[in-house]
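Structure, as structure tokens:
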Amino acid sequence: MRISPPEKIRRVFEGEVEALNKVPKNKRGPLGAAVTLRLGHLFSRWLERNIDTDWSGSAPQLMLIAVLVRHKTLTMGEAAELLDVTPRAITRLVDSLEKEELVTRQVSPHDKRVYLISVTAKTEAKAKQMMPKHEKKMSELFSVFSDAELLEYLRLSSKLAEHLKKDLKNDD
């Protein structure tokens with residue numbers, strides 16, 4: 001029985017090793033990219049559907065607020081590094097959040113070229129109220145993995161992320 005290309009791809013997406021072994025080695029990279037793009041798209045849709053409805057901002061804004069709540073105060077550079085975004089992107093995020101009085105930005109007392117950012121007390125209280133709900137949703141999402149599978153997923157995703165960051169730095 002001949003398998004149509006969509007069926008073959010579906011089987012590979014579902015992780016069937018037998019189907020993956022039939023994919024030529026020179027086509028596995030594009031297949032990996034397709035799976036990653038698909039996952040990114042699905043995860044973004046899932047986040048939009050499951051993000052707290054009281055939050056009117058973007059997902060990157062919420063990520064920055066979550067990081068700031070956890071770390072209390074960060075430099076702009078530290079925040080950019082933690083979120084894997086450019087300094088320009090972190091500046092735009094902070095500008096928009098500062099305009100809404102959700103974060104504050106101050107010049108570092110140690111270095112006038114460095115800005116420190118932190119959440120306002122109101123934002124911290126709201127974030128601490130929302131976070132348990134978000135953490136529960138994330139736990140439910142990733143409960144599909146066993147502990148060993150989750151560790152392997154994190155290891156492989158981190159390995160790919162580091163490779164991407166290295167490749168992007170080489171382009172700069």
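Please treat every number below as a calculation from the coordinates, not as lab data. Keep in mind that this is a model prediction, so the values were computed, not measured. Glycine also receives a Cβ, built like all others from the backbone with ideal geometry; neighbour counts cover every protein chain displayed.
Debye-formula intensities of the chain, expressed as log10 I(q)/I(0) at q = 0.10, 0.19 Å⁻¹, are -0.55, -1.35 (one equal scatterer per alpha-carbon, no solvent).
Ranked by Cβ crowding within 10 angstrom, fewest neighbours first, how are Lys137, Lys27 ordered?
Lys27, Lys137
Using a Förster distance of 25 Å, how high is the FRET efficiency between Val144 and Leu31, based on the Cβ-Cβ distance and rounded to 0.05? Efficiency computed from Cβ-Cβ geometry: 0.70. Spacing of the modelled spin labels on Thr120 and Glu48, each 7 Å from Cα toward Cβ, amounts to 2.8 nm.
Highest-first packing order for the peptide set 159-167, 111-119 is 111-119, 159-167, based on the mean count of other beta carbon atoms within 10 Å.
Membrane-span-like helices in the chain, defined purely by DSSP H runs whose alpha carbon atoms cover 15 Å or more axially and whose average Kyte-Doolittle hydropathy reaches 0.5, are 59-71. Gain on full extension, evaluated as 0.36 nm per residue between Lys128 and Asp111 minus their Cα-Cα distance, stands at 3.1 nm.
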